[in-house]
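Take a look at the structure below.
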Amino acid sequence: MLHHPEIWRLINLTGDTHPIHVHLDAFQVLDRHGAAVEIADGGITTTGTSATVRVGQAVDDRIPHALDDNERGRKDTVRVNPNEVVDIVVRFEVFSGRYMYHCHILEHEDRDMMRPFVVMPPELMPFMAMEEA
């Protein structure tokens, strides 16, 4: 929602590192956690995803699941490693409307590794204002 901070949790279910880019506004990386990911047979299809993700569980992948010093400022792209969950906080300040977030690897963009999101003005979401009271 426009002018309200949102915490997003980015979960990587693949074996690749993904540089995730959020359109519209910069964000801050809050935390990076290792995660054990279990995907059952048929868990990822063209119409849905089903997985068990245990955040904070130790994984033996030799990847340091901690924030780097260069990740502590405002960003528009964040690296999400395999077996990892990254929390970001974003506050859309200027424009409402339809936007995208996507992986910045060109081949992934070409395969539609992108998702839309909508930033709504608070006037169109009166139920959110009631929750804050």
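Rolling a 1.4 angstrom probe over the chain with all protein chains present gives an accessible area of which 52% lies on carbon and sulfur atoms. Solvent exposure of region 43-133 amounts to 70 Å² per residue of accessible area, where only protein heavy atoms count and the probe is 1.4 Å. Once backbone amide H atoms are built at 1.01 Å from N, THR14 has ASN83 as its partners under 5 Å, excluding neighbours fewer than 5 places away on the same chain. Its residue count N sets the reference 2.2 N^0.38 Å, and the alpha-carbon radius of gyration of the chain equals 1.15 times that reference. Peptides 62-74, 112-124 ranked from most to least packed give 112-124, 62-74, packing being the mean of other C-beta atoms within 10 angstrom over each peptide's residues. The ratio of the alpha-carbon radius of gyration of region 33-100 to the globular-protein estimate 2.2 N^0.38 Å is 1.42.
The values are calculated or read from the model by the stated rules, or taken from the named source; none is laboratory data. Source: prediction; values computed, not measured. No Cβ is skipped: glycine too gets one built from the backbone with ideal geometry, and neighbour counts run over all protein chains shown. Keep in mind that these areas ignore ligands, DNA and RNA; they rest on the heavy atoms of the full protein, side chains included. Shrake-Rupley method; radii C 1.70, N 1.55, O 1.52, S 1.80 Å.
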